[in-house]
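The values are calculated or read from the model by the stated rules, or taken from the named source; none is laboratory data. Quick caveat, the model's predicted, so the values are computed rather than measured. Here the Cβ positions follow ideal geometry from the backbone for every residue, glycine too, while neighbour counts run over all protein chains shown.
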Amino acid sequence: MDDGRWTKMSSLIQAKNLTRRYSDHVMALDHVDLTVERGEWLAMMGPSGSGKTTLLNLLGCLDRPTEGEIFFENRLISTFSAQELNRFRRENVGIVFQQFHLIGYLTALENVMLAQYYHSMVDREEAKRALEDVGLGERIHHYPSQLSGGEQQRVCVARALINQPKLILADEPTGNLDEKSEETVLDLFRRLHAKGHTILMVTHDVTVGKMADRQLQLEHGRIAGSYLSPLQAEEDIENFLKRLWELREEGKLSYDYLQKNNFLDHAGVLKYMQAKELLEVKDRKIYFTSAGELRMRDIIRRHRLAEILFSKALHMDKEESAVEACQFEHMLNPDITERICTFFHHPKKCPHGKEIPGGKCCERP
Ligand code: ADP
Ligand code: MG
């Protein structure tokens with residue numbers, strides 16, 4: 001759908017037309033489309049019975065849809081057999097439930113090692129480290145009944161993470177915890193997110209929801225609303241503008257092209273950009289405002305200068321520098337950007353041979 005540079009950071013999960021009926025009368029999920037980006041923290045909210053757990057289970061390979069498709073890293077998993085799905089889940093998904101589901105006659109350490117056993121090989125030292133990471137180094141030989149609720153949930157987090165899953169699912173992970181334990185467990189999730197883990201979390205708690213990059217509001221099995229955190233919205237805009245600039249460079253920019261290639265189904269970013277007066281859509285054509293043009297030049301400039309920095313100073317290859325630049329560009333302030341440009345004598349082309357828009361320091365338009 002896209003050229004290689006963007007596919008590298010393509011979505012982790014894409015779900016289309018997702019429907020789950022439990023019987024003729026119960027449609028728990030009703031034709032839902034959803035994309036989950038790599039590294040994203042998504043909170044699912046909504047009243048009891050609205051389909052949160054159902055959606056979580058489908059995306060986490062615990063259940064199969066009645067209708068619709070789920071792609072996990074571009075693999076169509078919705079047609080997997082139950083057995084294939086089980087294996088895929090063990091390799092790719094870590095799960096934290098509200099009820100801890102720890103095995104009572106095994107110690108904390110053994111509970112974590114059991115997850116290793118189901119996945120591949122048991123490694124006692126690694127399991128110990130995982131428990132130390134969640135602050136339970138002193139408790140590894142305790143049984144669940146000897147641990148507080150918060151401590152048990154931290155064992156669950158260690159267990160969920162032990163096999164380095166690509167996706168972490170959490171269904172009301174703080175639902176059974178007192179306030180202090182909740183804080184500790186949420187802190188763990190914040191750290192996981194900062195490390196780049198992808199997290200899907202069901203929660204009732206608005207404050208918890210706000211920690212996520214995006215909140216989905218479910219009602220009657222449908223997505224009734226989708227809200228980005230302000231920071232994430234800004235990054236999304238920049239990423240989207242970058243794509244638009246590149247498509248224009250390649251002479252491919254049109255509303256129809258965007259629609260056909262699934263650029264428009266991600267979190268209403270186009271609408272958000274119209275509201276921010278960065279662009280307008282008229283008669284299926286896209287027009288940038290001058291603010292939009294400036295913003296787009298600026299992010300392309302930062303991205304390509306970051307690529308120069310990574311390839312020339314750190315000798316990364318083109319592909320690697322492009323991937324690293326995608327993270328770094330959002331942090332570059334104007335001053336640092338000008339300094340990079342000046343240090344490399346105002347380069348006119350990025351490592352891919354594409355033009356770097358000029359800035360103040362280069363006295364180029
Ligand atoms: P939530 O997590 O938002 O509370 P669920 O996804 O658990 O909602 O449930 C959505 C709907 O599907 C509810 O009406 C619920 O009663 C129904 N449901 C959930 N699981 C089952 C099941 N295993 N069998 C029959 N109905 C179910
Ligand atoms: Mg539920």
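Tabulated values for the structure
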read-out: Matching residues, the range 226-262, being at positive phi and loosely packed, with under 13 Cβ neighbours inside 10 Å; value: Gly251
read-out: Entirely in the range 227-281, the helices (runs of 4 or more DSSP H) that have 2 or more residues that are under 22 Å from Ala15 (Cβ atoms) and more than 17 Å from the chain's Cα centre (by Cα); value: 255-260, 269-275
read-out: Meets criteria (modelled with pLDDT of 95 or more, farther than 30 Å from Gln14 by Cβ and not charged (D, E, K, R)) for Leu109; value: yes
read-out: Residue count for the range 308-333, restricted to those that are in contact (Cβ under 8 Å) with a residue 24 or more places away in the chain and over 23 Å from the mean Cα position of the chain (by Cα); value: 5
read-out: Test: residue in the range 55-74 that is surrounded by fewer than 15 Cβ atoms within 10 Å (Cβ to Cβ), on the phi > 0 side of the Ramachandran plot and away from ligand 1 (no atom under 12 Å from the Cβ); value: yes
read-out: Residue ID - surrounded by the most Cβ atoms within 10 Å (Cβ to Cβ), chosen from residues in the range 174-202 that are within 16 Å of ligand 1 (Cβ to nearest atom) and over 15 Å from Gly60 (Cα atoms); value: Thr174
read-out: Residues satisfying the stated conditions in the range 156-167, i.e. without any contact (Cβ under 8 Å) to a residue 60 or more places away in the chain and touching a Lys or Arg at 6+ places or on another chain (Cβ under 8 Å); value: none
read-out: Of residues in the range 36-51 being over 11 Å from Thr203 (Cα atoms) and more than 9 Å from ligand 2 (Cβ to nearest atom), the one surrounded by the most Cβ atoms within 10 Å (Cβ to Cβ); value: Trp41
